[in-house]
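The next block holds one structure in the form of structure tokens; read it before the comments.
The values are calculated or read from the model by the stated rules, or taken from the named source; none is laboratory data. The shown structure was predicted, so the numbers you read here are calculated from the model rather than taken from an experiment. For neighbour counting, all protein chains shown are included, and Cβ atoms are generated from backbone atoms with ideal geometry for every residue, glycine included. What goes into the accessible areas is simple: the full protein's heavy atoms, side chains included, and nothing from ligands, DNA or RNA. Shrake-Rupley method; radii C 1.70, N 1.55, O 1.52, S 1.80 Å.
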Amino acid sequence: MVHPSKNKVVVSWALYDWANSAFSTLVIAGFFPVLFKQYWGPTADVTLSSFRLGTVNSLSSLIVALLAPLLGAIADQAGARKRFLLLFAILGIAMTTSLPLVAAGHWALAVALYMLALIGFSTGNIFYDALLPYVAGDQDVDLVSALGYALGYLGGGLLFAVSVLMTLYPQYFGLADASEAMRLAFILVGAWWALFSIPLFLFVEEPQGSNAATKQGALGAGLDQLRTTFRDIRQLRVVAIFLLGYWMYMDGVDTIVRMAVDYGLSLGFGANSLIMALLITQLVGFPAALAFGRIGKRMGAKTGIFIGLGVYLGVCGWAFVMDSVTDFYLLAVAIGLVQGGVQSLSRSLYTQLIPTDKTAEFFGFYNMLGKFAAIIGPLLMGWIGVVTGNPRHAVLSLALLFVGGAITLYFVDIQEGRRCARKLEQARSDAEQHRPSDRHPGAGTGGGKHG
């Protein structure tokens, strides 16, 4: 249990999740795809606009993935996690609140601001996560992390629900139409994000970095750490296999999150109906993730992930043939049932395959790899849609990622992975015990290090 004296710090940290989850729900998954198709790019063919949106999602993910290890190393060395978080939060907030200023038809400027907002949001989360060890001790870290997720669902869902009401009944809020309501929601997201970020910057502390640290030294340390991780992964074949499968199927999961509303618009469904479907997914997702935790406990995490991927395959097939908004609602329920479960069970399975003495290093790589998700999928959807001229073929292409990920996951031998991880851990322990001390008999007066 978290000590009462730390409650203020813990809640202040977790409130950042409450703050920025509004961006992922309202902007990424909800309103930006609608406005991009209907307001900023209404003259573009539906497959071309999907290609543009898919490209910017992929490009922003790639930029964040490439920045993550370098910026993380610099922040660690300089003790600058809060400063980096502040910088990228300001970037995300400023770009989000600037979107309503973009005039109708100016899709290129809207895309540029959206991409910068995505980079601010995603990169900021790296430093937000990096503050967790300084907020919670080892015994409390799961509880505190879960609190952040819970507040994120609650905060993002609350503002999203209010914004949905604005779009459905704009006249009650003194607005002209749903489009104006969505653009106003972007300003609300920025204000919400900024307001509830304040406690973190006031009350969460981090240790000072090395006074001797320089950007060059931090970069070298980050590269050394990455080389060490790659070397260890080469010795842990099962971990490498799992990460390959995880990358493939999570690319499919993240693509559905980012492109589902755009796909529904391409089929001619109403924007308000699609937004309501997204709200349904949010409501179903949290309790379903808890239920998947029980499935993992009783049947194993690997089996639970297979169940989730099977549902996602069904979603792809159903999305290919669906022809009504009712189908889209049912798909929203199906996605909500498995989305959080696949993510949580993937993390718990990975935990079983890695050395217990290097969890931070391995999860650093895991999180970096996660940033590469949603690169192939959006591009694949956009390209297939343009080539075939049919958005239905585009969504069906995502089945390749789920099938590829499931096949790769099949070859993950959990027992072998545990044995290899413990073997590597023991080898390092033995090497540490047999390492010559700095001062030992027979060393003479000039060969040893002192101090």
How do C316, C420 rank by accessible surface area computed with a 1.4 Å probe, from largest to smallest? C420, C316
Where labels lie 7 Å past Cα in the beta-carbon direction, separation of D177 and R298 in nm: 5.1 nm
On the formula 1/(1 + (r/R0)^6), with r taken between the Cβ atoms of Y410 and V387 and R0 of 22 Å, the FRET efficiency rounded to 0.05 is 0.10
On a full-extension model of 0.36 nm per residue, what is the gain between T55 and S429, subtracting their alpha-carbon distance, rounded to one decimal in nm? 130.0 nm
How much accessible surface area, in Å² rounded to 10, belongs to the heavy atoms of V395 with a 1.4 Å probe? 10 Å²
Taking 7 Å along the Cα-to-C-beta vector as the label spot, tell me the D323-Q352 distance in nanometres, rounded to one decimal. 4.4 nm
For the peptides 405-412, 246-253, what is the packing order when you average, over each peptide's residues, the other Cβ atoms within 10 Å and list the highest mean first? 246-253, 405-412
Can you compute the modelled spin-label distance between R419 and L202, with each label point 7 Å from Cα toward Cβ, in nm? 5.6 nm
So for W192, W13, what's the accessible-area order with a 1.4 Å probe, most first? W192, W13
If W40, W383 are ordered by their accessible area, calculated over protein heavy atoms with a 1.4 Å probe, which sequence runs from highest to lowest? W383, W40
Gain in length, A104 to V333, computed as 0.36 nm per residue apart minus the alpha-carbon separation, to one decimal in nm? 79.1 nm
